[in-house]
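Visitor: Before we start, here is the structure in question, set down as structure tokens.
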Amino acid sequence: MCRLLREKGPAFVGETAVTPADAARHPARSPPARFCYKPRVATPPTSGAFGPYGGRFVAETLVPALDELSAALDGIVATPAFQRELDGWLADYVGRPTPLGDASRFARTVDPTGEALGALWLKREDLCHTGAHKINNALGQVLLATKMGKRRIIAETGAGQHGVATATAAALFGLSCDVYMGAVDVARQAPNVARMELLGARVIPVETGSRTLKDAMNEALRDWVTHVDGTYYCVGSAAGPHPYPTLVAQLQRVIGVEARAQSLARGGLPDAVVACIGGGSNAIGMFGAFLGDEAVALYGVEAAGDGVDTPRHAATLTRGRVGVLHGSKSYVLCDDDGQIAEAHSISAGLDYPGVGPQHAWLKDTGRATYLVATDAEALAAVRAVARTEGILIALETAHAFARVGDVARLEAARRGRPVTVALCVSGRGDKDLSTLLAEEPHHVAS
Ligand SMILES: Cc1ncc(COP(=O)(O)O)c(C=O)c1O
């Protein structure tokens, strides 16, 4: 039996690995299958699956809770009454619709002649209440929790934006809230820890593993297994067991729906859409409304950390293999024994060795293209956007900005004309000040 299963006991819910079937199907990407993980309950990815990806690989205790959530997706979330109520909160509390603005000065820094990047449009999720797209999802899930009669919310967080969003929604609806956060992230995203505590949430630092997002999600799942009855687990990205990837994509879809309508109001759809990829929720929210528009190319940008040829990166789709992490099957970063590897990114929100299953399917089908940007490129993009557009973007978002020139050149070459690119500004960078000061004190001070 797998070492991790022995170590972590019955509450363990799935940190790896590659199955023999995967190894046979993807010999090039799969490690030797001598260390196979048999999940406690392996529901094959049928309902809620994206091609061969998704499904549920969880402890038996969680199956009724996930069934209850699936039923709520159809029976509550899909109803006009719920949608009306959520739309009201999104308008009056979150501040939607967010604008689709121009970034012509930044565009000239990546394409001085304008031959490739004709226009760059920014979907401003950083202007949402609490400063990132995460509130769209957290508010929707916490509202759902109230309808399901749950009084306690738990969440995991990396950058702290999902934790802040969940603490905010829990405060709004009068629910108690515990947020698991890796100890490394507690240190590097200190302003968000203070915000969560002010909002009445308890922040629980996680000291296991790499002490980042992966480990926070392990602990949140473990908490849920033991307190499943009155507790609602508010997952922060389009990852986790079914139905979370579907639910989160649905709640974030508002980003793309608005962006598409705003593009049409400007005269036409963009040629390409770009977003950064952690677990994949801002990207899937942005992509969702454009999936049927074949002329619109979709690009995700992962964190290359120190570089994808080093061990220190978080480029799961680019360098990962098929496996199981946190209850669903997707691409994962793992070692040759099939054990989940430690990811690295300067941005806590992208520092994750997994990715939502829909992105795995979009990659395999070729509908979306996934690129990478390094820590250094992200830092440079934060500075460039701040100085040309007057917007302090999150380090996560900066990865998308770092590749926008390349996206424009690829698409302009394909189409033989300058292109319009729409980029999801997933969040604002106030939370990153200490990282920015530590990395580039001379730049920030100058
Ligand atoms: C501002 C911001 N952007 C992007 C992400 C990455 O998450 P996702 O890929 O789910 O959008 C995070 C995660 O914390 C974030 O805080």
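Visitor: Give me a count of the residues in region 412-427 that are assigned to a strand (DSSP E or B) and under 17 Å from Pro112 (Cα atoms). So that I can check it myself, show each step before the final result.
Guide: From region 412-427, those assigned to a strand (DSSP E or B) are 419-425, 427; that's our starting set.
Within this subset, residues satisfying the condition of being under 17 Å from Pro112 (Cα atoms) are 419-421.
Summing the residues that are assigned to a strand (DSSP E or B) and under 17 Å from Pro112 (Cα atoms) in region 412-427 gives 3.
Visitor: Does Arg124 satisfy the criteria of being touching a Pro at 6+ places or on another chain (Cβ under 7 Å) and not small (Gly, Ala, Ser)?
Guide: Working: touching a Pro at 6+ places or on another chain (Cβ under 7 Å): yes; not small (Gly, Ala, Ser): yes.
So Arg124 fits the description; yes.
Visitor: Taking Thr61, is it modelled with pLDDT under 95 and closer than 18 Å to Cys234 by Cα? Can you show your working first?
Guide: Values: modelled with pLDDT under 95: yes; closer than 18 Å to Cys234 by Cα: yes.
The answer is yes for Thr61.
Visitor: Name the residue, out of Asp336, Asp293, that is in the same structural domain as Pro418 (by TED's automatic domain parsing) and under 26 Å from Asp375 (Cα atoms).
Guide: Asp336
Visitor: Look at Leu437 and say whether it is in contact with a helix residue (DSSP H, G or I) (Cβ under 9 Å, 6 or more places away or on another chain), surrounded by fewer than 19 Cβ atoms within 10 Å (Cβ to Cβ) and part of a helix (DSSP H, G or I). Talk me through it step by step, then tell me what you get.
Guide: Working: in contact with a helix residue (DSSP H, G or I) (Cβ under 9 Å, 6 or more places away or on another chain): yes; surrounded by fewer than 19 Cβ atoms within 10 Å (Cβ to Cβ): yes; part of a helix (DSSP H, G or I): yes.
So Leu437 fits the description; yes.
Visitor: Going through region 367-397 one residue at a time, which ones are among the polar types (S, T, N, Q), more than 13 Å from the ligand (Cβ to nearest atom) and assigned to a helix (DSSP H, G or I)?
Guide: Matches in region 367-397: Thr388 only.
Visitor: Quick check on region 373-405: of everything there that is touching a strand residue (DSSP E or B) at 6+ places or on another chain (Cβ under 7 Å) and of a type outside the set (A, V, I, L, M, F, W, C), which residue is surrounded by the fewest Cβ atoms within 10 Å (Cβ to Cβ)?
Guide: Gly405
Visitor: Moving on. Do you know which of the residues in region 84-112 that are acidic (Asp, Glu) and touching a residue at least 24 places away in the same chain (Cβ under 8 Å) is nearest to Arg409 (Cα to Cα)?
Guide: Checked region 84-112; the qualifying residue nearest to Arg409 (Cα to Cα) is Asp111.
Visitor: Related question: Could you grab the pairs with beta carbons closer than 7 Å, sequence gap of 6+ or different chains, first residue in region 403-418 and in the same structural domain as Leu120 (by TED's automatic domain parsing), second one at pLDDT 95 or above and hydroxyl-bearing (Ser, Thr, Tyr)?
Guide: Once the first residue is in the same structural domain as Leu120 (by TED's automatic domain parsing) and sits in region 403-418, its partners that are at pLDDT 95 or above and hydroxyl-bearing (Ser, Thr, Tyr) give Val407/Tyr299.
Visitor: Still on this structure: Given the criteria within 16 Å of the ligand (Cβ to nearest atom), modelled with pLDDT of 95 or more and more than 18 Å from Val407 (Cβ to Cβ), does His242 qualify? Working first, answer last.
Guide: On the way: within 16 Å of the ligand (Cβ to nearest atom): no; modelled with pLDDT of 95 or more: yes; more than 18 Å from Val407 (Cβ to Cβ): yes.
Criteria not met by His242.
Visitor: Could you tell me which residue of region 132-185 is nearest to Ile76 (Cα to Cα), considering only residues that are within 16 Å of the ligand (Cβ to nearest atom) and polar (S, T, N, Q)? Don't jump to the end; show me each part of the working.
Guide: In the first step, residues of region 132-185 are kept if they are within 16 Å of the ligand (Cβ to nearest atom); the result is 132-141, 155-169, 179-182, 184-185.
Remaining after also requiring polar (S, T, N, Q): 136-137, 141, 157, 161, 166, 168.
Values: Asn136: 17, Asn137: 15, Gln141: 11, Thr157: 26, Gln161: 26, Thr166: 20, Thr168: 22 Å.
Ranking the qualifying residues of region 132-185, first place goes to Gln141.
Visitor: Here's another thing I want to ask about it. Mind counting the residues in region 211-231 that are buried (at least 24 other Cβ atoms within 10 Å of the Cβ) and of a type in the set (Ser, Thr, Tyr)?
Guide: Total satisfying the criteria: 1.
Visitor: Do you know which of the residues in region 245-274 that are within 16 Å of the ligand (Cβ to nearest atom) and free of Cβ contacts under 8 Å to residues at least 60 places away in the same chain is surrounded by the fewest Cβ atoms within 10 Å (Cβ to Cβ)?
Guide: My answer is Arg253.
Visitor: Based on this model, can you work out whether Val355 counts as more than 16 Å from the ligand (Cβ to nearest atom) and surrounded by 24 or more Cβ atoms within 10 Å (Cβ to Cβ)?
Guide: Taking the combined requirement at face value, the residue does not satisfy it.
Visitor: Could you run through region 320-351 and say how many residues are hydroxyl-bearing (Ser, Thr, Tyr) and either closer than 30 Å to Glu294 by Cβ or more than 16 Å from the ligand (Cβ to nearest atom) (or both)?
Guide: 3
Visitor: Here's something else I'd like to know. Given (1) of a type outside the set (Val, Ile, Thr); (2) in a helix (DSSP H, G or I); (3) closer than 24 Å to Leu264 by Cβ, identify the lone condition not met by Arg409.
Guide: Against the list (1) of a type outside the set (Val, Ile, Thr); (2) in a helix (DSSP H, G or I); (3) closer than 24 Å to Leu264 by Cβ, Arg409 comes up short only on (3).
The values are calculated or read from the model by the stated rules, or taken from the named source; none is laboratory data. The model shown is predicted, which means the values in this text are computed figures rather than measured ones. Here Cβ is always computed from backbone atoms with ideal geometry, including for glycine, and neighbour counts include all displayed protein chains.
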